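The values are calculated or read from the model by the stated rules, or taken from the named source; none is laboratory data. For clarity, every value in this text was computed on a predicted model and none was experimentally measured. Backbone-built Cβ (ideal geometry, glycine too); neighbour counts: all protein chains shown. These accessible areas exclude ligands, DNA and RNA; they are computed on the full protein's heavy atoms, side chains included. Shrake-Rupley method; radii C 1.70, N 1.55, O 1.52, S 1.80 Å.
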Amino acid sequence: MKKNEGGEWRDVFKILEKQVFSPIIKLFVIDAPKVAKSCQAGQFIILRIHEEGERIPLTIADFDREKGTVTIVFQEVGKTTKQLGAMEAGDYIKDFVGPLGEPTHIENVGNVVCVGGGVGVAPVHPIARAFKEAGNHVIGIMGARNKELMFWEDHMRAACSELLVTTDDGSYVRKGFVTDVLKEVIESKGKENIPLVIAIGPQPMMRAVCNMTKEYGIKTIVSLNALMVDGTGMCGCCRVSVGNETKFVCVDGPDFDGHQVDWAELSRRQVYFKAEEQKALEHHECKCGCGGGK
Amino acid sequence: MAEQKTKKKIIPNKNPMPAQDPLERARNFNEVALGYDEETVVAEAQRCLQCKNEPCRQGCPVEVDIPAFIKLVAERDFDGAIKKIKEKNALPAVCGRVCPQENQCEKYCTLAKKYEAVGIGRIERFCADRELQKGVTLPEVAPPTGKKVAVVGSGPAGLTCASDLAKLGHDVTVYEALHVAGGVLMYGIPEFRLPKAVVQAEVENLKKLGVKIEVNSVVGKFTTVDELMENEGYDAIFIGTGAGLPYFMKIPGENACGVYSANEFLTRTNLMKAYQFPDWDTPIKIGKKVAVLGGGNVAMDGARTALRLGAEESWIVYRRSHEELPARKEEVEHAEEEGVKFAFLTSPVEILSNEEGWVTGMKCIKYELGEPDASGRRRPVPIEGSEYIMDVDTVVVAIGQGPNPLVPRTTKGLELTSRGNIVADPETGATSKPGVFAGGDVVTGAATVILAMGAGRTAAKSIHAYLTSK
Ligand SMILES: Cc1cc2nc3c(=O)[nH]c(=O)nc-3n(C[C@H](O)[C@H](O)[C@H](O)COP(=O)(O)OP(=O)(O)OC[C@H]3O[C@@H](n4cnc5c(N)ncnc54)[C@H](O)[C@@H]3O)c2cc1C
Ligand SMILES: Cc1cc2nc3c(=O)[nH]c(=O)nc-3n(C[C@H](O)[C@H](O)[C@H](O)COP(=O)(O)OP(=O)(O)OC[C@H]3O[C@@H](n4cnc5c(N)ncnc54)[C@H](O)[C@@H]3O)c2cc1C
Ligand code: SF4
Ligand code: SF4
Ligand code: FES
Ligand SMILES: [Mg+2]
């Protein structure tokens, strides 16, 4: 939708719907027809809340081409996501650009295991759906630290052929990490029957999945969340080493062969601005009345 | 008009440009060069000899009628002067500031043979700034032609092309990947050299001509050039996506924390205003000793920005010598005045880091100048056994940029060079794909603002011809 901002008509991105999954995990449906028209599973957007805001990437968790909407699910971890979480349906996001990144490569390989950990359930959802639509038998595995942080079980059940759920603390369905469940699946189906694993979630989780599937020799695709600025291949901030080559996550990825990723380098770069992020959060909490610190 | 017979008295030196004190300005982001006042600009204009053969004009890539506009300034007809400039140059406030005048118009100035050239760029800047302050009188726009043109990229090439086409009555939409228009003028060239308000004022003028600017629109992603033509009804496309893909050295340690591409370093600072963190959200982090690799404008901007962000030492590390520095002369001088240090004939071979992955130093090798290479410059040759460790904790890589592949990769039938640049006829801007034109850095590789503008203008002319002949 276009809105008059200081005499200028420009696209603005209205929050049409807000769902609160837990105090720190929220879903927005955004009016963004340009993005909705062409986005595919595995792609992401970059948004900027307001004029002084930073650009942050979030994965497209769902989309409706007809309504022109894009769904994002995010976890509040710092200043920008907290500020975002304090926004309500009816509010406007200043900038919202996408779809960015390469879509996940979808093909019919037979069986695919899609693992979503924590907020990673959201990005894995459209990918699982696309694999199923391509004729695969999709085994979904979703996990969260506890029951409170669990969301979209129904969506995942619809997107997958079968779904396995776990919590780290056992507060829902069963106790165990997604890697525990994955191991059981591989052992019971036989590794030769599982040609592909997709894993999206916190870095330690993706790394653990890759360590395990490497032993079984199962190809594993991960979606990397490197730091980004522009998301168009212009700044090189998002570079990672994959198979000893430098790649830009925003244009070459975000999907990569997890067995080739230099995880140690990625995790060092991930905390590049830790001190500044802490400062930004403190600055935010002292000034703004949005209750970011809760 | 009768020519003056008596020989004009020559004033050998340019009127100095008022500037912020070097040590003070090295710590702030305000504009360095403050601009001439009315008396100074008239005095400077009066230095011009009004040469009949107009040598200066040949040095200007867009052939601004330099003697004519300077004469008007000398006569204090500033409105007339800016009108004259704008016949050829759509962004004079920008060019007056950032053109490498010493290699262009001023290089050929008759006075420059013995004395200092007329300050053509400075006079141009004065006229443009005065107009921006006063409020610009909009040029006439021809009646609508009913033809739609899409311009991809809003750098100087795209803005100029859009402006010319709009004046001819075409319906122009500019698609820009970032959240603001202006290209390198917004994200690359620092505030202290080119205030962003100046760029945005030019963008506003463009909008007043009826040009629609769609920011947050990455062509090749939300749509493609082919779709724009086939589904959105555009009759022609201009591609001006620039050379925004940063090159790295490909040396060990380059992905360490503390190593930035110049694009990231400058984008965080300029576009995202990290120098105002935490009031603005985007962070930047620099250490005490910064090394900037390269010797062009981008490198100078990086090194001067590092000082402003609080670096204790800021070094330019360059493979060749002072003489070969490709940066604008004024930028090198400003950098030197501000305290930027130079390590010439030096090139890094490895970036060293600690266990947490942070830069702790840079292993460099010394060079000496050998035989001239194809470009006529003496080729630097490494001196064996000359490796040493440079004590730095931040590295900014400014060794050049290539074309961003998003548009070339997604456009059918577009001929590219081996480096990925779009092949376009320099006379017309036409590409191998009918109806698609290109210009600026995406065609030439990283060049200059005025060349990009010239290419935008050339393409606008041939797009107009193409549309009106169809
Ligand atoms: C391709 C991609 C897709 C993503 N999808 C999702 C998603 O669907 N849901 C979700 O909750 N999160 C997602 N993220 C992570 C999300 O971008 C960060 O959580 C967010 O930027 C944090 O911002 P902040 O200011 O709230 O936190 P901060 O306190 O500033 O940062 C917290 C941590 O988030 C990461 N981060 C910070 N800034 C950036 C940045 N500019 N770019 C990337 N990471 C950053 C860093 O690891 C940092 O340590 C994705 C990241 C990438 C790269
Ligand atoms: C730091 C720096 C300092 C410089 N200093 C000088 C100087 O002092 N003097 C001088 O003359 N020149 C200088 N230059 C060079 C000059 O800025 C460039 O030559 C000029 O900007 C090129 O113009 P352009 O229009 O071709 O491209 P750009 O200015 O690069 O603009 C291209 C635009 O296209 C957008 N874009 C890219 N891909 C897409 C896409 N797929 N969809 C939509 N939009 C897209 C980009 O975001 C960008 O906004 C400098 C360059 C840099 C980086
Ligand atoms: S546009 Fe650049 S080269 Fe031409 S006259 Fe102006 S400053 Fe000189
Ligand atoms: S060459 Fe120099 S002195 Fe001669 S007209 Fe041009 S600016 Fe004036
Ligand atoms: S985020 Fe800038 S290149 Fe990827
Ligand atoms: Mg942040």
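The table below lists the values:
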{"item": "Test: residue in segment B:67-85 that is closer than 25 Å to residue B:240 by Cα and either among the hydrophobic types (A, V, I, L, M, F, W, C) or assigned by TED's automatic domain parsing to the domain that holds residue B:39 (or both)", "result": "yes"}
{"item": "Options A:255, A:230; residue that is more than 17 Å from residue B:263 (Cβ to Cβ) and either hydroxyl-bearing (Ser, Thr, Tyr) or modelled with pLDDT of 90 or more (or both)", "result": "A:255"}
{"item": "Which numbered condition residue A:212 misses (of (1) touching a residue at least 40 places away in the same chain (Cβ under 8 Å); (2) outside any loop (DSSP other than H, G, I, E, B); (3) open to solvent by 10 Å² or more (accessible area, probe 1.4 Å))", "result": "(1)"}
{"item": "Segment B:316-331, subset at pLDDT 95 or above and open to solvent by less than 10 Å² (accessible area, probe 1.4 Å), residue nearest to residue B:18 (Cα to Cα)", "result": "B:316"}
{"item": "Given (1) in the same structural domain as residue B:173 (by TED's automatic domain parsing); (2) more than 10 Å from ligand 2 (Cβ to nearest atom); (3) modelled with pLDDT of 95 or more, number of the condition residue B:117 does not satisfy", "result": "(1)"}
{"item": "Only listed residue being within 22 Å of residue A:126 (Cβ to Cβ) and within 14 Å of ligand 1 (Cβ to nearest atom), chosen from A:45, A:106", "result": "A:45"}
{"item": "Which numbered condition residue A:65 fails, given (1) within 16 Å of ligand 5 (Cβ to nearest atom); (2) open to solvent by 10 Å² or more (accessible area, probe 1.4 Å); (3) within 14 Å of another protein chain (Cβ to nearest Cβ)", "result": "(1)"}
{"item": "Among (1) of a type in the set (A, V, I, L, M, F, W, C); (2) within 14 Å of chain B (Cβ to nearest Cβ); (3) touching a residue at least 12 places away in the same chain (Cβ under 8 Å); (4) not in a loop (DSSP other than H, G, I, E, B), the one test that residue A:221 misses", "result": "(2)"}
{"item": "Any hit, segment B:44-55, residues being under 30 Å from residue B:270 (Cα atoms), more than 16 Å from ligand 1 (Cβ to nearest atom) and either in the same structural domain as residue B:115 (by TED's automatic domain parsing) or within 26 Å of the chain's Cα centre (by Cα) (or both)", "result": "no"}
{"item": "Residue in segment B:277-284 that is β-branched (Val, Ile, Thr), open to solvent by 20 Å² or more (accessible area, probe 1.4 Å) and within 16 Å of ligand 6 (Cβ to nearest atom) present", "result": "yes"}
{"item": "Looking only at segment B:140-153, and only at residues there that are touching a residue at least 60 places away in the same chain (Cβ under 8 Å) and small (Gly, Ala, Ser), the one that is nearest to residue B:270 (Cα to Cα)", "result": "B:153"}
{"item": "Residue list for segment A:101-138, filter: over 15 Å from the mean Cα position of the chain (by Cα) and either of a type in the set (S, T, N, Q) or within 16 Å of ligand 2 (Cβ to nearest atom) (or both)", "result": "A:108, A:111, A:136"}
{"item": "Neighbours by Cβ (under 7 Å, 6+ apart or cross-chain): first from segment B:175-194, closer than 19 Å to residue B:220 by Cβ; second assigned to a helix (DSSP H, G or I) and of a type in the set (S, T, N, Q)", "result": "B:187/B:267; B:187/B:270"}
{"item": "Selection count where residues are within 7 Å of chain A (Cβ to nearest Cβ), of a type outside the set (S, T, N, Q) and free of Cβ contacts under 8 Å to residues at least 60 places away in the same chain, scope segment B:244-276", "result": "3"}
{"item": "Helices (runs of 4 or more DSSP H) lying entirely in segment B:1-88 (those with 1 or more residues that are open to solvent by 90 Å² or more (accessible area, probe 1.4 Å))", "result": "B:22-25, B:38-46, B:55-58, B:78-86"}
